[in-house]
1. Select from region 55-71 the residues that are touching a Lys or Arg at 6+ places or on another chain (Cβ under 9 Å), assigned to a helix (DSSP H, G or I) and either in contact (Cβ under 8 Å) with a residue 60 or more places away in the chain or closer than 23 Å to Leu116 by Cβ (or both) and list them in ascending order.
2. State which residue pairs qualify: first residue crowded, with 19+ Cβ neighbours inside 10 Å and inside region 99-123, second residue part of a strand (DSSP E or B) and charged (D, E, K, R) in any location, beta carbons under 6 Å apart, and separation of 6 or more residues or different chains.
3. Just name the residue that is nearest to Ile172 (Cα to Cα) out of those in region 68-114 that are among the β-branched types (Val, Ile, Thr) and touching a Pro at 6+ places or on another chain (Cβ under 6 Å).
4. Considering only region 19-43, state which residues are part of a helix (DSSP H, G or I), touching a Lys or Arg at 6+ places or on another chain (Cβ under 9 Å) and among the hydrophobic types (A, V, I, L, M, F, W, C).
5. Among the listed residues Leu164, Leu178, Leu185, which satisfies the condition of being part of a helix (DSSP H, G or I) and modelled with pLDDT under 95?
6. Kindly establish whether Arg141 is more than 15 Å from Leu42 (Cα to Cα), at pLDDT below 95, assigned to a helix (DSSP H, G or I) and of a type outside the set (Gly, Ala, Ser).
7. Please identify the pairs in which a residue from region 13-26 that is touching a residue at least 24 places away in the same chain (Cβ under 8 Å) and over 17 Å from Gly50 (Cα atoms) has its Cβ atom under 6 Å from the Cβ atom of a residue that is of a type in the set (Lys, Arg) and surrounded by 15 or more Cβ atoms within 10 Å (Cβ to Cβ), counting only partners at least 6 apart or on another chain.
Amino acid sequence: MDREFLERWKAFEEECKACSRCPLRASASKTVIYRGCKKAPLMIIGEGPGNVEDKTGIPFVGPSGYLLQNALTAWGFKDRDFHICNIVKCHPPENRRPEPSEISQCKRLLATQFRLVEPRVILLCGSTAYEAFYGERPVMRDVRGRFDEKKGYYIMTTYHPAALLRNDRLKIPMFEDLGKVRAKLSELALMEPLSPLHHS
């Protein structure tokens, strides 16, 4: 990463930390920006930071993040391959769903983040991430697991890992969705081909 990019990234982080455009920042402990690699072929987008993330300042490190990381590791993803973030960067009180107005205020930061990361594949985790992208609340079983190609980007929706904690039956579908993402990245020559082990 060149110096100009790192300066742009630093300015972006400072803008996130200084943001007070919605009420979430006032009650949050930390601004939660990303984990993984600053530039990555895969961008994984969730809903918002939970309690653990609010304390650490890192997304997807609580129980649902542990499930997601296990699945990523099983499919051969390394930290350099993904960039994980959320639709909103501050913890909503009581772990509630972010309000549309809060999502709207945070969207400009997400747009800046997207331009910096430059992913080719985007994985939306859960209905809130889907709604923020598409403007309508989905029935998850109807939208998950398939790619939507837009302007050269490949967008897939899957279940939020937190839903897997409540319903074991969603674990296999989400694992399969990650497998499709992994295959797409190989197809685009952005990751090494899958080993035979993963095809069995």
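1. Thr56, Gly65, Leu67, Ala71
2. Cβ pairs passing all conditions: none.
3. My answer is Ile84.
4. Scanning region 19-43 gives a single hit, Leu24.
5. The unique qualifying residue is Leu164.
6. The answer is yes for Arg141.
7. Here the result reads Cys16/Lys89, each pair linking region 13-26 to a residue that is of a type in the set (Lys, Arg) and surrounded by 15 or more Cβ atoms within 10 Å (Cβ to Cβ).
Listed here are the residues, each with its yes/no results for (1) surrounded by 13 or more Cβ atoms within 10 Å (Cβ to Cβ); (2) modelled with pLDDT of 95 or more; (3) aliphatic (A, V, I, L, M); (4) touching a Leu at 6+ places or on another chain (Cβ under 9 Å).
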site	(1), (2), (3), (4)
Trp9	yes, yes, no, yes
Glu13	yes, yes, no, no
Glu53	yes, yes, no, no
Thr73	no, yes, no, no
Cys85	yes, yes, no, yes
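The values are calculated or read from the model by the stated rules, or taken from the named source; none is laboratory data. Every value quoted in this text rests on a predicted model; they were computed, and no experiment measured them. Because the Cβ atoms are built from the backbone with ideal geometry, glycine has one as well, and the counts that use them run over all protein chains shown.
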